[in-house]
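Shown next, in structure tokens, is the structure this report addresses.
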Amino acid sequence: MHHQEALRPSRVQERGEKVISIALAGQPNVGKSTVFNLLTGLNQHVGNWPGKTVERREGVFEHHGERVHLVDLPGTYCLTAASPEEMIARDYIIYHRPDVVMVVINAASLERNLYLVAELLALPSPIVIGLNMMDVAEQEGIWVDAEKLAAAMGVPVIPMVASKNQGVHDFLDAALKVAHEGLPQEPSRPEIRPDHREVLGAIEALLGPWVPEPYPADWVALKVLEGDAEITERMKSAAPPEVWACVEDLLRQHEDALIAVAGGRYAWIRHVTQGALTKSRLGHVTLTQRLDAWATHPFWGLVVLAVVLAAVFGLTYALGGPLQGWVERYIVGALAAGAARLLAPGPAWLEGLVVDGILGGVGTMFSFLPILAIFFATMGILEDVGYMARAAYIMDRFMHALGLHGKSFMPLFLGFGCNVPAIIGTRIIESRPSRLLTILLAPLVPCTARLAVLTVLAHALFPQKALLVTVCLTALPLLVLAGVGFIAHRLLFRRDQAAFIMEMPLYHQPNWRTIGIGVWQRLVAFLRKAATVILAVSVVVWALSTFPYGEIETSLLAALGRFLQPVGALMGLEWRQVVAILTSFVAKENAVATLGVLYGVGESAEALSAVLPGYFTVASGLAFLVAEMLFIPCVATVAAIRQETGSWKWTLGEILFLALLAFLGGTVTYQVARLWLT
Amino acid sequence: MHHDDRTDERPSALNGILSAGHHKVVPLADLSPGQSGTVLALEGGPGFVGRMAALGFTPGAEVTMVRNPGRGPVIVSVLDTSVALGRGQASRVQVRPKE
């Protein structure tokens, strides 16, 4: 079975020691990643679950002289087969049987959180519960007695405030104790509603002999009764047809079984929380209610969102802009100068390769790091305090018209920083068609680099009207995004529309550690791309622009530009300008660099301003900017699209589509502007 | 799964059962802000029902409408949590409103 191999952890076994294997489970918004980060620190490895675009985080650490391997399971509300996250979580426990599962639950919504616990109790590994957010619960007027809850469930329950690092190590101690000694008693487990007990027994008796290893037979029977698509398929092929026919017959008579199973779980939850849970919220207006009166209001919510986003941009550019200049001058510039001095005695092509090819491509990417770090940090804060769910709610109405989803808003917005994390960020969207559409539209959000090109060229070409041109050309791709979404939604994805079901977490204080690690991981993902894909393509483009004669005017790239001259002519562009757009495939800033090289003036804004107006008319200048704003995203983004869609067909389709869009946009702009603006 | 504003596609048989009692039965999407009700039934496949059940929407559950701007998604409070639901989803939860 492919799962068996795929889900085995990269277990670290050194010096023949036993490694305790622990899985960390929990619903979303329970502070699970805070707990994971506290336990593993930076000793964590982030990758993907095999064959899935779901993040897998694991870490190995020592505790009281024992080695612990901790896997962070995806946050899920339940363990159905409805999403890849849920499948991963349950398959991991079934196939790998961790020594213990640490379940983090949120005391402020105890009953709903115990639903996942009810599902986990049906699986083979013993569990230990970390009752998190005790402080938030008290603010909400909710008191949970951990000892009474533990006694009722027969499972250790450790109260915690993970955001203040309280109780987390007790939680781990309790987990290790269970890993060694097992649970002190048989835990209380939910039972199906009495009117379905018989049919569940019958299904288990029928299927029992055919349940494949390592599935627990009672769990399989329950899932078949629930109508679980994956397990039903599996058992249909495992059991003989006549047995399966009997099962199907039973299922037909009990079509409401899922409600009976869920009802049984909630009956168990009421039973175990009785006496352990006290609520008093008379006349008590909580912080979340007060903030949401504004943040989710149909009108004021939009105002709040606009102010928040303006603040994010303001902060990012006010702090990041000067830092970027500093990195460019003192780090990338210094490196380039150093390399040039060092390599001057060697062959000219080597110096060209290092200074223009490598530092020109990868170096400029590095200069965007400060801006990205600040942007990701502010977005991380908004995510962590719980505001992003409100933004998704407010934007759902508008996103919906584009065939997108409230949850598409956050990743698309990340795209203003960099398209790469935007495309990776679409993982929060459960429905595949919505996610695919969001991925394909994301490159139309102008990233920091594209905006930098726009700003420089708008000032050089239209010094009088630079601001107007910049604003219009920033809005243009966004309008195209809306238009394409509107049409694609109706033509391509019409049938499959995603459900919008989203928890609105309570607002809470940000945890700096979690935000810091989040920023770090997004930056590392960006740098990894810069160091591999961008490096490789930079070198190739440098080679194309140098060979065969060492001059860009006579290079292969120039030949390609001249070959495309007829296409460029429709946009009013000559071959140098076409080449500039083509080289922006490596990194958007190359558009400026290439113009500088081809017109022999270098990259400085003053020099470009002096020379460029001579080579552009108003119409061709606008056409150039339009084409540049709509053109294929940088190679790192294309690589991310390939990775996240898992399909070359979609990736190449997207490249063709955007190239065509840029060409059409440029041509229409040129032809219209030539008639009206001259 | 649909996520559009067409509301009622519930089977007529279910309709009959639901309206047989003397209490009226309405889609959750029709509750006004501040109004509470008891969930009676969920209409949809196991994917939809399973997800809603995990968030607390099961027959017998108490729900309170928090935000209902008339179009677009609503916010509903269930089991001490606020949940945003598309109008299409909220229309497929049948509730008996409190007097």
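The values are calculated or read from the model by the stated rules, or taken from the named source; none is laboratory data. Predicted model, so just to flag it, every value in this text is computed and none were measured. Here Cβ is always computed from backbone atoms with ideal geometry, including for glycine, and neighbour counts include all displayed protein chains. Please note that ligands, DNA and RNA were not included when accessible areas were found on the heavy atoms of the full protein model with its side chains. Shrake-Rupley method; radii C 1.70, N 1.55, O 1.52, S 1.80 Å.
So if I check each of A:G227, A:G201, which one is open to solvent by 30 Å² or more (accessible area, probe 1.4 Å) and within 25 Å of A:S83 (Cβ to Cβ)?
Working: A:G201 fails: within 25 Å of A:S83 (Cβ to Cβ).
That would be A:G227, the only listed residue that is open to solvent by 30 Å² or more (accessible area, probe 1.4 Å) and within 25 Å of A:S83 (Cβ to Cβ).
Looking across segment A:243-257, the residues that are open to solvent by 20 Å² or more (accessible area, probe 1.4 Å) and not basic (K, R) come down to A:V243, A:A245, A:C246, A:E248, A:D249, A:L250, A:L251, A:Q253, A:H254, A:E255, A:D256.
Name every residue in segment B:82-98 that is open to solvent by 10 Å² or more (accessible area, probe 1.4 Å) and facing chain A (nearest Cβ under 8 Å), in order of residue number.
B:S82
Working only within segment B:47-70, note down all residues that are more than 7 Å from every other protein chain (Cβ to nearest Cβ) and more than 23 Å from A:V30 (Cβ to Cβ). Result: B:G60, B:M65, B:N68, B:G70. What do you reckon, is A:A482 more than 24 Å from A:M388 (Cβ to Cβ), more than 14 Å from the chain's Cα centre (by Cα) and small (G, A, S)? When the stated conditions are applied, A:A482 does not pass them.
Kindly establish whether A:P240 is within 23 Å of A:A82 (Cα to Cα), away from chain B (no Cβ under 14 Å), surrounded by fewer than 15 Cβ atoms within 10 Å (Cβ to Cβ) and in contact (Cβ under 8 Å) with a residue 12 or more places away in the chain. Quick ask: steps written out before the conclusion?
Numbers: within 23 Å of A:A82 (Cα to Cα): no; away from chain B (no Cβ under 14 Å): yes; surrounded by fewer than 15 Cβ atoms within 10 Å (Cβ to Cβ): yes; in contact (Cβ under 8 Å) with a residue 12 or more places away in the chain: yes.
No: the conditions fail for A:P240.
Does A:R97 meet the test of being in contact with a strand residue (DSSP E or B) (Cβ under 7 Å, 6 or more places away or on another chain) and open to solvent by 10 Å² or more (accessible area, probe 1.4 Å)? Spelling it out, it is not the case that A:R97 is in contact with a strand residue (DSSP E or B) (Cβ under 7 Å, 6 or more places away or on another chain) and open to solvent by 10 Å² or more (accessible area, probe 1.4 Å). Of the residues making up segment B:21-80, those that are open to solvent by 30 Å² or more (accessible area, probe 1.4 Å), in contact with a Gly (Cβ under 7 Å, 6 or more places away or on another chain) and touching a residue at least 40 places away in the same chain (Cβ under 8 Å) number 1. In this structure, A:R329 qualifies as modelled with pLDDT under 85 and surrounded by fewer than 19 Cβ atoms within 10 Å (Cβ to Cβ). Residues in segment A:72-90 that are touching a helix residue (DSSP H, G or I) at 6+ places or on another chain (Cβ under 7 Å) and surrounded by fewer than 20 Cβ atoms within 10 Å (Cβ to Cβ): A:G75 only.
Could you go through segment A:637-646 and let me know if any residue there is under 18 Å from A:P477 (Cα atoms), of a type outside the set (S, T, N, Q) and in a helix (DSSP H, G or I). Steps first, please.
First pass over segment A:637-646, keeping only residues under 18 Å from A:P477 (Cα atoms): A:637-638.
Applying the additional criterion that residues be of a type outside the set (S, T, N, Q) yields A:638.
Those left that are additionally in a helix (DSSP H, G or I): A:638.
Yes, the conditions are met somewhere in segment A:637-646.
Among all residues of segment A:46-56, there is none that is open to solvent by less than 30 Å² (accessible area, probe 1.4 Å) and farther than 24 Å from A:G425 by Cα.
Taking (1) among the hydrophobic types (A, V, I, L, M, F, W, C); (2) crowded, with 16+ Cβ neighbours inside 10 Å; (3) more than 17 Å from A:L457 (Cα to Cα) in turn, A:V597 satisfies each apart from (3).
May I ask you to list the residues in segment A:600-631 that are open to solvent by less than 50 Å² (accessible area, probe 1.4 Å) and not in a helix (DSSP H, G or I)? Within segment A:600-631, A:V601, A:G602, A:F616, A:F631 meet the criteria.
Being within 12 Å of chain B (Cβ to nearest Cβ) and under 30 Å from A:Q289 (Cβ atoms) narrows it down to one residue among A:L116, A:L149, A:L131; which is it? That would be A:L116, the only listed residue that is within 12 Å of chain B (Cβ to nearest Cβ) and under 30 Å from A:Q289 (Cβ atoms). Kindly indicate whether A:R57 is modelled with pLDDT under 95, of a type outside the set (A, V, I, L, M) and out of contact with any Gly (no Cβ under 9 Å at 6 or more places or on another chain). No: the conditions fail for A:R57.
Restricting segment A:389-409 to residues that are modelled with pLDDT under 85 and part of a helix (DSSP H, G or I), the residue that is farthest from the other protein chains (Cβ to nearest Cβ) is A:A401.
Return the only residue of A:G320, A:G333, A:G357 being in contact (Cβ under 8 Å) with a residue 24 or more places away in the chain, in a helix (DSSP H, G or I) and within 26 Å of A:A536 (Cα to Cα). Before the answer, list the steps.
Numbers: A:G320 fails: within 26 Å of A:A536 (Cα to Cα); A:G333 fails: in contact (Cβ under 8 Å) with a residue 24 or more places away in the chain.
After ruling out the rest, the residue left standing is A:G357.
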